[in-house]
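Inspection log for the structure reproduced underneath, given as structure tokens.
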Amino acid sequence: MILSADQVEFGYRSDPTIEDVSFTVNRHDVLTILGPNGVGKTTLLKCINRILAPRSGSVYIGDTDSKRMTPQEIARRIGYVPQRGEISRMTVYDLVLIGRRPHFEWTAGTRDHELTAQVIELMGLSSLAIRYADELSGGEFQLIQIARALVQQPSVILLDEPTSSLDIKNQHRVLSTIRDIVSAHPMAAVMTVHDINLALRYSTTFILLKEGRIFAAGGREVITSENMHAVYAIEMDVEEFNGVPLVIPR
Amino acid sequence: MADQRLFQNHAAEAEEPLRSPFLRGSTGCTEKTLSQYQGYIHFKRLFIMFLLVLLLVLILTAASAGAISIPFHQVLSVLARFDAAGTGRIVWYVRMPRIIAALLVGSGLSVSGTVMQSVLRNPLASPYTLGISSAAAFGASFAIVFLQAGSSTSSSIIISSPHIVTLSAFSFSVLATAAILVITRLTRISAETLVLAGIAIGAICSAGLTLMQYLADSVQLAHIVSWSFGNLGRASWQMNLIAFSVLITVYLLCYLYRWDFNAMDGGEEIAKGLGISTERLRITGLVGASLISAVMVSFFGIIAFIGLLGPHITRRVIGGDHRFLLVASPLVGAAVLLAADTAARLILAPMVLPVGILTSLLGGPLFIYLLLGRVRR
């Protein structure tokens, strides 16, 4: 277990946006949080790395309650890829290097640069290393964001809609990269994805959120016609295709 | 090194070595990336060297050109010997204070702009476009009229208590900054709307400035009017010393935050995810930036658009990495303002144009270009 949440509750106003959320994440898990718009998926992600401090409940990173960690300590353990990164006039290398910020006090050292170059290679971005990010495509930019989170050497990487603005080829490129890295390293990914079929293909575990609470959680077996209907309020069939469940709205 | 692995396993279980499908059979790539990056860094260093040489040439040109033309070699010898007699007097007491002032104001406003653009996540932000310069000008005029900070001798207008003028200018620019801060925090407004808010703040301050002019007596009025257009002719060694101390203090503080500004450039959530206290960074940055612009405005008046020109020219050439941007953009700002000021002295000689006119002529089109770029996106 490298991450767990215990009865996490958070609200922007008096009534809670998410409540009573508990789950655990193990090494090599790719956990996808599913649910309709506005159900609190992004809020939950932000509670995990305390960008939003939960109103009650705890998030444990390893064995440590995240309440007792400094933001910098959390950043050494959890990488975060928000849905919308702003594109600035920085080179790919410099953008990835920023991910080392939690690990140094004054300035980046040799080790930081080595890791940066390694992760850039790992993500297949070597040929773009000193290109400016504002000259790249959306898919490439998303890979840079993930590289920046990976160079933090996190045990958990959080991704908010990593495929939302990508074409089908890049959707698969990004998600298969995440899956491969998580399966090859002692880490886990927690993400939100709107496309249920994409999620089914690349995730190992799922959380279904309904009205801010966990409706169901587990492996692919929780993706059933009944559960989908309960969460999304439309009729859906779940079929098997090449060994992977396929969700088709009726 | 104890840990040569890419990903640390934080639980005390067996760690897997760095091995992934992507890494197989390719090890030379990281070295290549690093050496490419070194080359890129080298280019940035060269650019900074070029700027230093350019500044040196501009300083010599500015010191030698004017009503009395002094040849380069004479300027050099006068400067080297600290000779303040004869032509040395012109160099040391007339031209150098003005040159130094141009360098300080140019670099100061550039640093201000760089920091504001980063912490507000807004490429259009600068002391001038957000109305902070106007607020400082109002504060300065307020001090002149109500706090008796200005006086005159028979031949020239002097500021008898620059500290009070600066303090008052600073207070009002902090008020304007606070307004900007509140507006950005309460609403999720776009870059363009924030500039509109800045125009509104500027308009309010201009009204206040006009009121001060109305209430002022003739001597005070002369003071205030000379603020309305930026003019480096007032520069003295004492002013320069104060401006320099403020600038260097704030600058060093900002330089400490260079990595955090870089993180901020990716967006506020990314910065937060990297463990950076974005609120503290934003407030520190804005207060520092407004302190610099307050000092510059209260001494030398409103000089428009340098806070946009410096950072944007620099970003185009060497990119937005604040480790280098914070070094190069003040140099660019200083060079632009010194060149503009020298031109302003020479174009209609013996008449000296207020330099603010020239910087607006340069900066206005850049501002429109930036706006157009955002519309296209």
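The values are calculated or read from the model by the stated rules, or taken from the named source; none is laboratory data. What you see is a predicted model, and the numbers here were worked out from it, not measured in a lab. Backbone-built Cβ (ideal geometry, glycine too); neighbour counts: all protein chains shown. Quick note on the areas: whole protein, heavy atoms, side chains included, nothing else; ligands and nucleic acids left out. Shrake-Rupley method; radii C 1.70, N 1.55, O 1.52, S 1.80 Å.
Could you tell me whether the range B:317-324 includes any residue that is aliphatic (A, V, I, L, M), at pLDDT 85 or above and over 17 Å from the mean Cα position of the chain (by Cα)? The answer is yes; a qualifying residue exists. The strands (runs of 3 or more DSSP E) falling completely within the range A:149-250 that include 1 or more residues that are within 14 Å of chain B (Cβ to nearest Cβ) and open to solvent by less than 30 Å² (accessible area, probe 1.4 Å) map to A:156-160, A:188-192. Only residues that are at pLDDT below 90 and open to solvent by 50 Å² or more (accessible area, probe 1.4 Å) were counted in the range B:234-254, giving 3.
Summed over the range A:48-63, residues that are within 14 Å of another protein chain (Cβ to nearest Cβ) and surrounded by 15 or more Cβ atoms within 10 Å (Cβ to Cβ) total 8. When B:Gly320 is tested against (1) in a helix (DSSP H, G or I); (2) in contact (Cβ under 8 Å) with a residue 40 or more places away in the chain, just one condition goes unmet, and that condition is (1).
Filtering the range A:98-115 to residues that are more than 8 Å from every other protein chain (Cβ to nearest Cβ) and part of a helix (DSSP H, G or I) leaves A:Arg100, A:His103, A:Thr110, A:Asp112.
For the range B:267-281, how many residues meet the condition of being assigned to a helix (DSSP H, G or I) and either over 30 Å from B:Gly230 (Cβ atoms) or open to solvent by 10 Å² or more (accessible area, probe 1.4 Å) (or both)? Final tally of qualifying residues: 9.
B:Pro123 falls short on exactly one of the conditions (1) surrounded by fewer than 21 Cβ atoms within 10 Å (Cβ to Cβ); (2) not in a helix (DSSP H, G or I), and that condition is (1). Output yes when any residue across the range A:79-90 is out of contact with any strand residue (DSSP E or B) (no Cβ under 6 Å at 6 or more places or on another chain), open to solvent by 30 Å² or more (accessible area, probe 1.4 Å) and in a strand (DSSP E or B), and no when none is. Looking for residues that are out of contact with any strand residue (DSSP E or B) (no Cβ under 6 Å at 6 or more places or on another chain), open to solvent by 30 Å² or more (accessible area, probe 1.4 Å) and in a strand (DSSP E or B), one finds none in the range A:79-90, hence no. When every residue of the range B:63-81 is checked against the conditions, at least one turns out to be among the small types (Gly, Ala, Ser), part of a loop (DSSP other than H, G, I, E, B), surrounded by 13 or more Cβ atoms within 10 Å (Cβ to Cβ) and in contact with a Leu (Cβ under 7 Å, 6 or more places away or on another chain). Note on the range A:130-148: residues that are out of contact with any Gly (no Cβ under 9 Å at 6 or more places or on another chain), within 26 Å of A:Ile51 (Cα to Cα) and open to solvent by 10 Å² or more (accessible area, probe 1.4 Å) total 2. Reported count of residues in the range B:255-266, each being surrounded by fewer than 24 Cβ atoms within 10 Å (Cβ to Cβ), more than 9 Å from chain A (Cβ to nearest Cβ) and assigned to a helix (DSSP H, G or I), is 1. Residues that are of a type in the set (Gly, Ala, Ser) and either more than 17 Å from the chain's Cα centre (by Cα) or open to solvent by 50 Å² or more (accessible area, probe 1.4 Å) (or both) were ranked within the range A:1-47; the one that is nearest to the other protein chains (Cβ to nearest Cβ) is A:Gly38. Here A:Arg68 fulfils each of the conditions (1) on the phi > 0 side of the Ramachandran plot; (2) open to solvent by 40 Å² or more (accessible area, probe 1.4 Å) apart from (1). Looking at the structure I just gave you, is B:Phe367 open to solvent by less than 10 Å² (accessible area, probe 1.4 Å) and among the aromatic types (Phe, Trp, Tyr)? Taking the combined requirement at face value, the residue does not satisfy it.
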